[in-house]
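Encoded as structure tokens, the structure appears first; notes follow it.
The values are calculated or read from the model by the stated rules, or taken from the named source; none is laboratory data. Because the structure is predicted, anything quoted here is derived from the model rather than measured. Reconstructed Cβ throughout: ideal geometry from the backbone, glycine too, with neighbour counts over all protein chains shown. To get the accessible areas, we keep the full protein, side chains included, count just its heavy atoms, and leave off ligands, DNA and RNA. Shrake-Rupley method; radii C 1.70, N 1.55, O 1.52, S 1.80 Å.
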Amino acid sequence: MNVPNHVAIILDGNGRWAKAKHMPRSYGHVVGCDNLEKVCYVARDLGIRYLTVYAFSTENWKRSKDEVEALMNLFRRYLKRCIKSSRENEMRVRVIGDASAFAPDIQESIRALEDFSKDYDKLHFQIALNYGGRDEILRAVTQIAQDAKEGKVPEGKMTEEFFESYLDTAGIPDPDLLIRTSGEQRLSNYLLWQLAYTEFYFTDIAWPDFHKPELIQAIEQYNRRDRRYGDAKEETNV
Ligand code: FPP
């Protein structure tokens, strides 16, 4: 099995999964969170080098006050717990998105986790929090304009490499495989720049039920795809 170097996942369906069990939506998020922890171990064992998950979008603030609060408390607990799995998986953890919107203690936990894990290299785990692809691009453009004013931007044609160095994912290779759970088939503002050449895999399985066999199935399907010329980036007529 050819394991993709970078797998991106849209963690969807926690709410519907819980509702189907006559439980509150927040229960779905708790089980989804436990599952995320397990999937990190699976990803490491399979030899995936980069895993990037969409945990909270710039749009998710519009959910009910109770649900947003429950998610924030879940992040609080998870970010602390993640120190252990980062050590066990030799996993570098980074948060992408605009973390400045979170409460100071959450921002501090993010800094602590990123700092604790910064030298690990087995698995690179990116958690998208308060992330939106358009917001990321606008933040990059704003920073480039600021740097240009200060004479820090080379004159002439803008290159992809230079632009990418301003994205939250600077230095991280683009995803090879995007997985979205729970039936919807859209990007929901996820990694808009980075997914330009990525293979997409959609499944009806809700995130809390997406385990090792489901991940292997997604990778097998990815393996069956006809990647003409070996690398989609080299395709000329698509
Ligand atoms: C989508 O399910 C999921 C979310 C908005 C939150 C994702 C969060 C987790 C998996 C848990 C924690 C993650 C971390 C990093 C601690 P949904 O609520 O949109 O489900 P629905 O589409 O069925 O309503």
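Considering (1) under 17 Å from the mean Cα position of the chain (by Cα); (2) of a type in the set (A, V, I, L, M, F, W, C); (3) open to solvent by 60 Å² or more (accessible area, probe 1.4 Å), the lone condition that Ile9 does not fulfil carries the number (3).
Of note, Gly32 satisfies the criterion of being of a type outside the set (A, V, I, L, M, F, W, C), within 12 Å of the ligand (Cβ to nearest atom) and either more than 25 Å from Leu187 (Cβ to Cβ) or in contact (Cβ under 8 Å) with a residue 60 or more places away in the chain (or both). Consider segment 28-70 and keep the residues that are in a loop (DSSP other than H, G, I, E, B) and in contact with a strand residue (DSSP E or B) (Cβ under 8 Å, 6 or more places away or on another chain). The one that is surrounded by the most Cβ atoms within 10 Å (Cβ to Cβ) is Ile48. Scoring Arg25 on the criteria (1) open to solvent by 60 Å² or more (accessible area, probe 1.4 Å); (2) without any contact (Cβ under 8 Å) to a residue 24 or more places away in the chain; (3) not hydroxyl-bearing (Ser, Thr, Tyr) leaves a single failure, condition (2).
When you look at Ile83, is it in a loop (DSSP other than H, G, I, E, B) and modelled with pLDDT of 95 or more, yes or no? Considered against the rule, which asks whether it is in a loop (DSSP other than H, G, I, E, B) and modelled with pLDDT of 95 or more, Ile83 comes out as no.
Restricting attention to segment 199-238, the residues being at pLDDT 95 or above and small (Gly, Ala, Ser) number 2. Between Asp98, Asp66, Asp115, the distinction of being touching a helix residue (DSSP H, G or I) at 6+ places or on another chain (Cβ under 7 Å), more than 12 Å from the ligand (Cβ to nearest atom) and farther than 30 Å from Asn2 by Cα belongs to Asp98 only.
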